[in-house]
Amino acid sequence: MSLHENKQQKIKVVLQTKIMHEGVTENFEVKTSGLKFRKGSALYFQYAEKTDAGDTQTTIKYKEYETLLLRNGAVKMRQLFRSSEITNGHYESIYGTLPMRTHTESIEHLWNENTNEGVLRLRYTLDVQGGEPGQYELNLNYKEEA
């Protein structure tokens, strides 16, 4: 089933994040449901993340060479990814707004028409407020619901 302009499709989401920082590797996984839809040349993903700190609404706007990650709620964040570029963003916390610098190594989107499943992969280096940068891998695995 192809996704037409502005038609929302319900999806199951498994968000996997791997962080390598100062010799330590951490893995996180969030399972939730959400929506995907197309607007112009961009593919959008929207889903809610529930944590101990509260709920966060996440929107990802994917284009072939640029992806924008927006979080609003318990976590407020704006992070821009552009293949092989360094971009600026911010992370808001109770302590104030922290500047972020993201060096995107790769953006990859794979779609399997037979199984109605896809994955958006981001590999990047992130430094928050000039701290020691960490290596990140973010995989947004999703499957269309009937």
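The values are calculated or read from the model by the stated rules, or taken from the named source; none is laboratory data. These numbers come from a predicted model, not from an experiment. For neighbour counting, all protein chains shown are included, and Cβ atoms are generated from backbone atoms with ideal geometry for every residue, glycine included. With ligands, DNA and RNA removed, areas are computed over all heavy atoms of the protein, side chains included. Shrake-Rupley method; radii C 1.70, N 1.55, O 1.52, S 1.80 Å.
Among (1) open to solvent by less than 70 Å² (accessible area, probe 1.4 Å); (2) polar (S, T, N, Q); (3) on the phi > 0 side of the Ramachandran plot, there is one condition THR67 misses while meeting the rest; what is its number?
Here THR67 meets the rest and fails (3).
What are the residues in segment 13-29 that are closer than 15 Å to ASN139 by Cα and open to solvent by 80 Å² or more (accessible area, probe 1.4 Å), if any?
GLU26, ASN27, PHE28, GLU29
For segment 105-132, what are the residues that are within 19 Å of the chain's Cα centre (by Cα) and open to solvent by 60 Å² or more (accessible area, probe 1.4 Å)?
GLU105, GLU108, LEU110, TRP111, GLU117, ARG121, ARG123
Results for (1) touching a residue at least 40 places away in the same chain (Cβ under 8 Å); (2) farther than 15 Å from PHE37 by Cα; (3) touching a helix residue (DSSP H, G or I) at 6+ places or on another chain (Cβ under 7 Å), shown as yes or no for each residue.
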residue: SER106; (1), (2), (3): no, yes, no
residue: HIS109; (1), (2), (3): yes, no, no
residue: ASN112; (1), (2), (3): no, yes, no
residue: THR115; (1), (2), (3): no, yes, no
residue: VAL119; (1), (2), (3): no, no, no
residue: THR125; (1), (2), (3): no, yes, no
residue: GLY130; (1), (2), (3): no, yes, no
residue: GLY134; (1), (2), (3): yes, yes, no
residue: LYS143; (1), (2), (3): yes, no, no
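Taking interchain pairs and intrachain pairs at least six residues apart, which have beta carbon atoms under 7 angstrom, with the first residue in segment 72-96 and more than 24 Å from SER106 (Cα to Cα) and the second among the polar types (S, T, N, Q) and surrounded by fewer than 14 Cβ atoms within 10 Å (Cβ to Cβ)?
Close Cβ pairs satisfying both conditions: ALA74/THR51.
Please work out which residue is surrounded by the most Cβ atoms within 10 Å (Cβ to Cβ), limiting yourself to segment 30-54 and to residues that are of a type in the set (A, V, I, L, M, F, W, C) and assigned to a strand (DSSP E or B).
Ranking the candidates gives PHE45 first.
Do we find that LYS10 is open to solvent by 70 Å² or more (accessible area, probe 1.4 Å), farther than 16 Å from TYR124 by Cβ and in contact with a Ser or Thr (Cβ under 7 Å, 6 or more places away or on another chain) in this structure?
yes
Any idea which of (1) within 22 Å of THR125 (Cα to Cα); (2) touching a His at 6+ places or on another chain (Cβ under 8 Å) is the one GLN79 doesn't satisfy?
(2)
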